[in-house]
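First the structure, in the form of structure tokens, and then the observations on it.
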Amino acid sequence: MIIDQSHSLPNVAVVGLGKIGLTLAAVFANNGFNVFGSDINKDVITLINQGKSHIKNEPGLDQLVLNAHKNKTLSATTANSKAAAQSNIIIVIVPVLVDEQNNVDYQFIDRAVQDIAKGVKKGSLIIFETTLPPGDTKNRFGKKIEEISGLSLGDDFYLAYSPERVYSNRIIQDLQTYPKVVGGINKKSLELASNFYKKALNCKLIEVSSLETAEFSKVAECVYRDVNIALANELAQFAEEKGVNMSEVIEASNSQPYSHLHSPGIGVGGHCIPIYPYFFINKGLNRGLTPLSRQINDNMANYAISKVEKGVESLKDKNILILGLSYRENVKEPTKSTTLLLIDQLRDKKANLFVNDPLFTDSEIIKYGATPLSLKDKLITEIDVVILQAYHQEYSSIDFNKFNKCKLVLDGRNKLNENEITRLGIKYERIGS
């Protein structure tokens, strides 16, 4: 027998029910909170209210959503203001991206914040988890909520920032493992936010002195990774000039405990690393390693195409197959994927462009300007070049015997079996060798 205890639990709103938002909502709803989720996508809302997750490949999430639905501790709505009005704690996890000119795109979160401001009540705590440029929690959003609601920031409602620090396909695990960085507009805000996360996530906390410190820490994490990947890519290109195998270099160098060389690759994609450095760059950090790293990593698609051209001469009318539309392995996420840069390059070179990705439908691939191609299709016998961009688990068992006409394989993630490919008379290229 299921007992409905939702009316006796503290109410929490989670605004934005994407991968991270839904996972947070489900975890909270299983840890003693009554959760009202909100999202602009009606299909997402319908599924959640049926006890189903729209997010795939996130271990444990399906069960958490189902449990919360059965216990009546998780419901969803398209009305952000309604969710905010029903709750004492409001978590905002709406995406902030950059446009084609790398300017910050606030359109979705601005709309959500306006809705929240219409529903927020006196005494509420609002916590932003979306990665933001330093200063935005207070100056852009806190002041907007104050203006619309008529409530006084820091007195009538409380404001905190605690960045999400999780990785797709292991979000629940990361919520338990990584310390939660928390900053508040004042002492009371910090205290309320810290107490909430102790109960809701049962994780370690790192309390910092200000909202801006918490915001800065998340962007700095991404800049660190971008810079170090750029270093690996720069060294890999130099290693090729000198006839040195970068994979061997990394293994040898990293045997020294102070060396942490990253792996080079065909490029950097996703919601984080190619985007968040611009939150610093656009605020004035427009010289030095941060912008230079962005240039190096985005140029890896050009570098990859140049390696292919050296191997097969002209790409005009060549049949090119890219493995992986997604930005990385085993995740359905095309945001800022290097494949999109490769598609643009190959289109300019007048190549015949094919893409395989087991996580995307044919119609989804077509939207990105490429022809979908199954690895079971007879047309693979006509492919001239294969480029590995995202090493999905399905690609670990590719039979290159079927690629009869293939002249070159570019292993953009240094994951394929070089001996197997070269044994078939196919030229093998990778980044850093």
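Just so it is clear, none of the values below were taken in a lab; they were calculated from the coordinates. Everything numeric in this text was worked out from a predicted model, so none of it was measured. Every residue, glycine among them, receives a Cβ derived from its backbone with ideal geometry; neighbour counts consider all protein chains shown.
The phi-based Karplus calculation (6.51 cos²θ - 1.76 cosθ + 1.60; θ = phi - 60°) puts the 3J(HN,Hα) values of segment 100-109 at 5, 9, 6, 8, 5, 9, 9, 4, 6, 6 Hz, whole numbers, x for Gly and Pro.
Between 0 and 90 degrees, the angle of helix 338-348 with respect to the longest Cα principal axis of the chain falls at about 50 degrees. Counting only Cα atoms, the size of segment 324-432 along its three principal axes is 36, 27, 25 Å, in decreasing order.
Cα centroid separation, segment 16-55 to segment 240-286: 35 Å.
How big is the charge dipole of segment 373-424 about its Cα centre, in debye rounded to the nearest 20, if each Lys and Arg gets +1 on its Cβ and each Asp and Glu gets -1 on its Cβ? Walk me through the numbers on the way to the answer.
On the way: 8 positive and 8 negative charges, 12 e Å.
With Lys and Arg at +1 and Asp and Glu at -1, about 60 debye.
Put simply, the amide H of LEU205, placed in the peptide plane, has neighbours under 5 Å in LYS180, leaving out anything fewer than 5 places away on its chain. Database remark: amide H of THR77 closer than 5 angstrom to the amide H of GLY37, SER38, ASP39 (H placed geometrically; neighbours at sequence offset of 5 or more, or on other chains; Pro and chain starts carry no H). Among the lysines of segment 209-343, pairs at least eight places apart or on separate chains and with Cα atoms under 23 Å apart come to 9.
As a proxy for reagent exposure, LYS378, LYS218 were ordered by neighbouring Cβ count within 10 angstrom, fewest first; the result is LYS378, LYS218. When the Cα positions of ALA25, VAL104, PRO133 are compared along the charge dipole of segment 6-209, ALA25 comes out farthest toward the positive end, with charges on each C-beta of Lys, Arg, Asp and Glu. Computed log10 I(q)/I(0) for segment 6-209 at 0.10, 0.17, 0.18 Å⁻¹: -0.37, -1.16, -1.31, from the Debye equation with unit scatterers placed on every C-alpha and solvent omitted. Taking amide H atoms as placed 1.01 Å from N in the peptide plane, the amide H of LYS427 lies under 5 Å from those of LEU408, VAL409, each 5 or more residues away in sequence or on another chain.
Quick one: which of LYS52/LYS72; LYS56/LYS204; LYS349/LYS376; LYS72/LYS204 span more than 20 angstrom between C-alpha atoms?
Values: LYS52/LYS72 13 Å; LYS56/LYS204 27 Å; LYS349/LYS376 27 Å; LYS72/LYS204 28 Å.
As for pairs spanning more than 20 Å Cα to Cα, those are LYS56/LYS204; LYS349/LYS376; LYS72/LYS204.
Between helix 187-200 and the chain there is an angle of about 70 degrees, using the helix long axis and the longest principal axis of the Cα atoms. Packing around the peptides 46-56, 112-122, taken as the average count of other Cβ atoms within 10 Å per residue, puts them in this order, highest first: 112-122, 46-56. Of THR422, THR137, the sequence from fewest to most neighbouring Cβ atoms within 10 angstrom is THR422, THR137.
So what's the back-of-envelope 222 nm ellipticity for the chain, counting only DSSP H runs of four-plus at -39500 (n - 2.57) apiece and dividing by all residues, rounded to 500? Please report the intermediate quantities before stating the final value.
On the way: 16 runs with 165 residues, N = 433.
Helix contribution divided over all residues of the chain: -11500 deg cm²/dmol.
Considering only DSSP states other than H, G, I, E and B, which chymotrypsin sites (Phe, Trp or Tyr not before Pro) in segment 104-209 qualify as loop sites with at most 16 other Cβ atoms within 10 Å? Mind dumping the intermediate values first?
On the way: sites: TYR106, PHE108, PHE128, PHE141, PHE157, TYR158, TYR161, TYR167, PHE196, TYR197; in loops: TYR106, TYR167.
Here the chymotrypsin sites (Phe, Trp or Tyr not before Pro) that fit, given the DSSP loop and packing criteria, are TYR167.
The modelled label-to-label distance for the pair ASN186/LYS376, using points 7 Å beyond Cα in the direction of Cβ, is 6.4 nm.
Under a Gaussian network description of the chain, with springs only between Cα atoms under 10 Å, the residue in LYS204, LYS70, LYS310 that fluctuates furthest is LYS310. Counting other Cβ atoms within 10 Å as a rough exposure proxy, the listed residues LEU97, LEU22 run LEU97, LEU22 from fewest neighbours to most. For ASP344 and GLU100, the difference between the fully extended length at 0.36 nm per residue and the C-alpha to C-alpha distance is 86.5 nm. Distances between every pair of Cα atoms in segment 85-175, grouped in 5 Å steps from 0 to the bin holding the largest one, split as 3, 13, 24, 23, 16, 12, 7, 2, 0 percent. Taking every alpha-carbon pair in segment 194-263 and binning the separations at 5 Å intervals from zero gives 3, 13, 15, 15, 13, 10, 10, 9, 7, 4, 1, 0 percent. The C-alpha atoms of the chain define a longest principal axis, and helix 289-298 lies at about 50 degrees to it.
Calculate, in whole percent, how much of the Cα-Cα pair population of segment 218-298 lies beyond 15 Å. The proportion of pairs with Cα distances above 15 Å equals 57 percent. Largest mean-square fluctuation among ASN41, ASN169, ASN254, in a Gaussian network model of the chain whose springs join Cα atoms under 10 Å apart, belongs to ASN254.
Charges only on Cβ, +1 for Lys and Arg, -1 for Asp and Glu: so what's the dipole of the chain about the Cα centre, in debye to the nearest 20? Don't skip to the end; give the middle numbers.
On the way: 50 positive and 49 negative charges, 126 e Å.
Computed about the Cα centre, the dipole is about 600 debye.
The phi-based Karplus calculation (6.51 cos²θ - 1.76 cosθ + 1.60; θ = phi - 60°) puts the 3J(HN,Hα) values of segment 130-136 at 4, 5, 9, x, x, x, 6 Hz, whole numbers, x for Gly and Pro.
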